[in-house]
Amino acid sequence: MQLTLTLDGKIVNVSSGMTILDAARAAGVRIPTLCHDDRLHPYGACRICMVEVEGPQRRMVPACTTPAAEGMVVHSMTTAVLEARKSVLELLLINHPLDCPVCDKAGECRLQDLVHEYGLGQGAFAEEKRTSPPDYASPVIERNQNRCILCGKCVRICTERCAVGALTLAMRGGRSRISTAFAGPLDCEFCGECVEICPVGALTTKQFKHKARPWNLEQTSSTCIYCGCGCPITIETRRNEVVRVRAAGDHYLCARGRFGWDAVRHEARLTTPKMRVGGNLVDCSWDEALSVAATNLKVIRNRRGADGIGGLGSVRTTNEDNYLFQKFMRSVVGTNNVDLLARLKLPSGLNTAFFSGEFARMGEHEVILLLDKDAGEINPLIGAELVGAVNRCGSRLILIEEGRNKFTRIASVVIPQERDAALDSLAAGVRGSRRIAGARIRQAVGLLASATNVAVVLPARLSPDAFARIQELSGLLKQVTYYPLVTRGNIQGALDMGLMPDYYPGYQKADSDTRALFEKAWNAALPEPRGKNAVEMMEAIGHGKLAALYIMGDDPVGSDPGLTPLLQRLEFLVVQDLFLTETAKLAHVVLPAASFVEKTGTITTIERKLRRLARVEQPLGESRPDGEIIQALARKMGGDMRSASAADVLSEIKTVVPMYRDLAIGACWPPQQSPLNGALADLSLSSDSIMRREVLTAERLLFSSGVMTTRSKEMRSIAHRKKQETG
């Protein structure tokens with residue numbers, strides 16, 4: 001229903017349920033706020049948004065919580081309103097320190113802006129300010145109670161968006177304050193959402209402390225590469241160096257995305273190429289490294305055939321890098337032995353039966369079935385959207401888990417059973433079986449059976465049996481949308497780009513007809529035999545059938561030390577990475593790659609959304625973007641891969657990958673455009689020997705999850721604190 005009201009003399013039409021603040025925004029009228037945020041429920045605490053409403057008794061009301069009404073006449077800039085706002089500001093300044101010169105929030109502090117806007121000088125209240133010592137005990141976040149204005153934003157976002165509840169309003173009256181559990185150091189997920197939303201300098205980060213002033217920063221839009229969600233970020237630089245990373249707009253950002261970028265500054269970054277001389281890796285020039293790599297690959301190809309060479313790509317690189325990598329292996333080396341070890345961590349059914357829904361639409365589902373309690377750690381954005389769906393949209397959450405975590409706080413039903421048994425019981429119940437034991441199962445069955453649409457959040461590990469059970473249950477429900485959890489970064493983009501032995505880019509089967517199309521597009525003869533996948537390549541090394549391996553951006557030995565003797569059997573190993581990883585230490589040639597802030601390109605999120613990476617720093621030392629390295633090596637081997645920018649490569653991708661042809665940045669490619677749509681082709685890999693002995697840092701989860709996170713000072717400090725707390 002539409003409503004008409006008058007605001008500062010303007011006629012405004014708004015929908016029923018909107019507030020005066022919403023109406024003001026629609027009319028282009030600015031009403032100041034401090035405690036309000038569109039991501040949170042209306043609160044009405046600060047009263048800075050007061051407006052006057054005409055009526056039998058002219059009255060002041062808060063614009064953020066007062067619903068718009070038909071025929072309402074509102075004034076936002078009368079003398080009385082302005083005086084009321086000045087009074088609110090004077091009250092806020094009673095205990096607020098005037099330490100703007102040393103406060104990191106200066107320049108982006110809303111209180112500072114409003115005080116300047118309303119021309120406040122010496123406050124009307126002369127009482128002595130209360131003070132309390134700042135809390136510096138947190139690994140990454142500092143709390144200064146003296147600057148707090150009790151807007152409650154940090155408390156609300158920690159509960160409403162993150163479901164953590166690490167902060168709360170304590171005490172009453174003049175003694176009110178934001179506190180933690182038992183007034184101890186902040187202990188939470190350290191996502192930094194509270195810092196982002198704080199309108200003053202009460203919450204700041206140690207990483208940014210005294211680094212720069214906001215007005216001196218250059219802002220560049222880019223993308224986080226730490227997990228499959230690919231969250232949009234704003235990278236802020238000073239003198240061409242990154243000093244801060246923030247969420248773009250109102251998007252969510254986890255600890256890895258906000259703080260983990262400092263890994264690119266780690267002292268162990270590779271800055272020069274290396275080659276093995278006399279058993280040791282020594283620095284060398286790019287020309288020497290590429291010449292040695294090209295010569296050895298050509299010698300092995302001539303002696304053993306191209307099938308004696310393999311390539312392993314990466315989920316930490318861009319679409320363009322991965323596209324060039326598989327093109328190099330196929331058109332220059334002459335083999336289909338190209339794959340991703342990350343496929344061992346891929347849930348069965350991704351890109352076939354379980355195409356992901358769009359995260360932002362999770363709140364449209366009546367019921368959400370969560371099959372992995374670690375969702376908030378594996379893919380934090382999915383966790384945040386799940387919490388928002390429950391808290392803001394009223395979705396009902398069914399959680400299958402043994403033990404407690406943050407999702408038990410918001411779940412309508414918690415089923416404390418082993419997953420497979422719970423799925424069997426739910427399927428039987430939805431089919432109408434009367435022999436269903438347990439009130440919780442019956443309650444969950446009732447929710448699922450009556451829902452007109454259901455979301456299923458799939459586990460990061462999915463066995464064939466679990467796959468079948470989920471398929472069976474989903475077939476009994478209405479309008480099911482899947483949200484798979486994926487531990488690796490650009491896994492979707494790597495698969496899209498054809499980093500598999502039996503598929504060309506765009507999931508086009510590597511048969512004779514498709515081969516002819518790509519031979520024409522690439523102007524090269526392509527190999528006919530099916531290539532080896534990652535597991536088969538490892539087995540071939542053990543049997544002496546694979547002599548050389550080119551690894552771009554992966555560290556299999558770092559994940560599974562048991563692979564060391566296997567890779568030592570190779571005649572020649574090339575590793576291209578940011579660090580001298582455990583795998584790189586075994587290499588004959590090591591090529592230093594640029595980080596995600598030092599190159600351009602795109603990635604594709606697990607919801608199939610194309611995101612752009614931006615270059616904001618120069619590559620460290622002599623390191624180069626992966627795509628440039630691949631093309632330089634191709635030229636050394638006599639390949640016809642002309643030097644091209646990332647933009648040129650993306651243009652080429654759009655000519656050969658149907659799903660990308662008209663795909664814009666920020667858009668998702670539709671599942672029906674994939675050749676695998678409707679098929680049950682399993683793109684995951686399994687092995688009884690490879691990656692079965694993964695070290696902890698290669699698997700777990702939010703604060704210590706691999707090559708980049710373990711080299712972040714901020715992430716290490718959080719992980720150290722967590723380790724101390726758990727003993």
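The values are calculated or read from the model by the stated rules, or taken from the named source; none is laboratory data. Worth saying up front: this structure is predicted, and the values here are computed from it rather than measured. We place every Cβ from the backbone using ideal geometry, glycine too, and count neighbours over all the protein chains shown. Accessible surface is based on the protein model in full, side chains and every heavy atom, while ligands, DNA and RNA are left aside. Shrake-Rupley method; radii C 1.70, N 1.55, O 1.52, S 1.80 Å.
Cross-link partners of LYS609 among lysines, defined as those whose alpha carbon lies under 21 angstrom from its own and excluding same-chain residues fewer than eight positions apart: LYS345, LYS599, LYS654.
For region 555-625, the calculated P(r), taken from all Cα-Cα distances in 5 Å bins from zero up to the bin holding the longest distance, is 4, 16, 18, 16, 15, 16, 11, 5, 0 percent. Taking square-rooted eigenvalues a ≥ b ≥ c of the alpha carbon gyration tensor, is region 582-681 rounded, prolate or oblate, where a/c under 1.5 means rounded and, failing that, a/b exceeding b/c means prolate? In terms of gyration-tensor shape, prolate.
Accessible surface of LYS585 in the full protein assembly, 1.4 angstrom probe, to the nearest 10 Å²? For LYS585, the solvent-accessible surface is approximately 100 Å².
Taking only the Cα atoms of the chain, the radius of gyration and Dmax are 28.4, 96 Å. Rounded to the nearest 10 degrees, the angle from helix 439-450 to the longest Cα principal axis of the chain is 90 degrees.
The phi torsions of region 356-364, fed into the Karplus equation with coefficients 6.51, -1.76 and 1.60 and a -60° offset, translate into couplings of 7, x, 7, 4, 5, 9, 4, x, 7 Hz, rounded to whole numbers, with Gly and Pro shown as x. Helix 79-92 and the longest principal axis of the Cα set of the chain meet at an angle near 70°. Each principal axis of region 440-552 carries a Cα extent, and these read 59, 35, 23 Å when sorted largest first. In summary, the lysines within cross-link reach of LYS298, defined as a Cα separation below 17 angstrom excluding same-chain residues under 8 places away, comprise LYS327, LYS545, LYS636. For region 637-653, putting each phi into the Karplus relation 6.51 cos²θ - 1.76 cosθ + 1.60 with θ = phi - 60° gives couplings of 8, x, x, 9, 10, 5, 5, 9, 6, 4, 5, 5, 5, 4, 4, 5, 4 Hz, in residue order, rounded to whole numbers and with x for Gly and Pro. Each peptide among 615-625, 569-579, 329-339 gets the average number of other Cβ atoms lying within 10 Å of its residues, and from highest to lowest they stand as 329-339, 569-579, 615-625.
Taking packing as the residue-averaged number of other Cβ atoms within 10 angstrom, the listed peptides 296-302, 257-263 run from highest to lowest as 257-263, 296-302.
A 1.4 Å probe run over the chain, with the rest of the protein chains in place, finds 40 Å² accessible per residue. Largest accessible area first, the residues GLU366, GLU108 order themselves as GLU366, GLU108 under a 1.4 Å probe with ligands, DNA and RNA left out.
Rounded to the nearest 10 degrees, the inclination of helix 286-304 to the longest alpha-carbon principal axis of the chain is 50 degrees. The share of accessible area on the chain that comes from carbon and sulfur is 49 percent, using a 1.4 angstrom probe. Here the Karplus curve 6.51 cos²θ - 1.76 cosθ + 1.60, taken at θ = phi - 60°, turns the phi angles of region 317-334 into couplings of 10, 7, 4, 4, 4, 5, 4, 5, 5, 5, 5, 4, 4, 7, 8, 9, 6, x Hz, with x standing for Gly and Pro. The calculated FRET efficiency for GLU70 paired with PHE125, based on their beta-carbon distance and R0 = 60 Å, is about 0.90. In terms of its alpha-carbon gyration tensor, region 62-174 comes out oblate; a/c meets the 1.5 threshold, while b/c is at least as large as a/b. Under a cut-off of 21 Å between alpha-carbon atoms, report the lysines in cross-link reach of LYS209, not counting same-chain residues fewer than 8 places apart. Cross-link targets: LYS105, LYS713. If you take the alpha carbon atoms of region 505-656 and fit the smallest convex hull around them, that volume is 148 Å³ per residue. Packing here is the average count of other Cβ atoms within 10 Å per residue, and on that basis the peptides 504-517, 546-559, highest first, run 546-559, 504-517.
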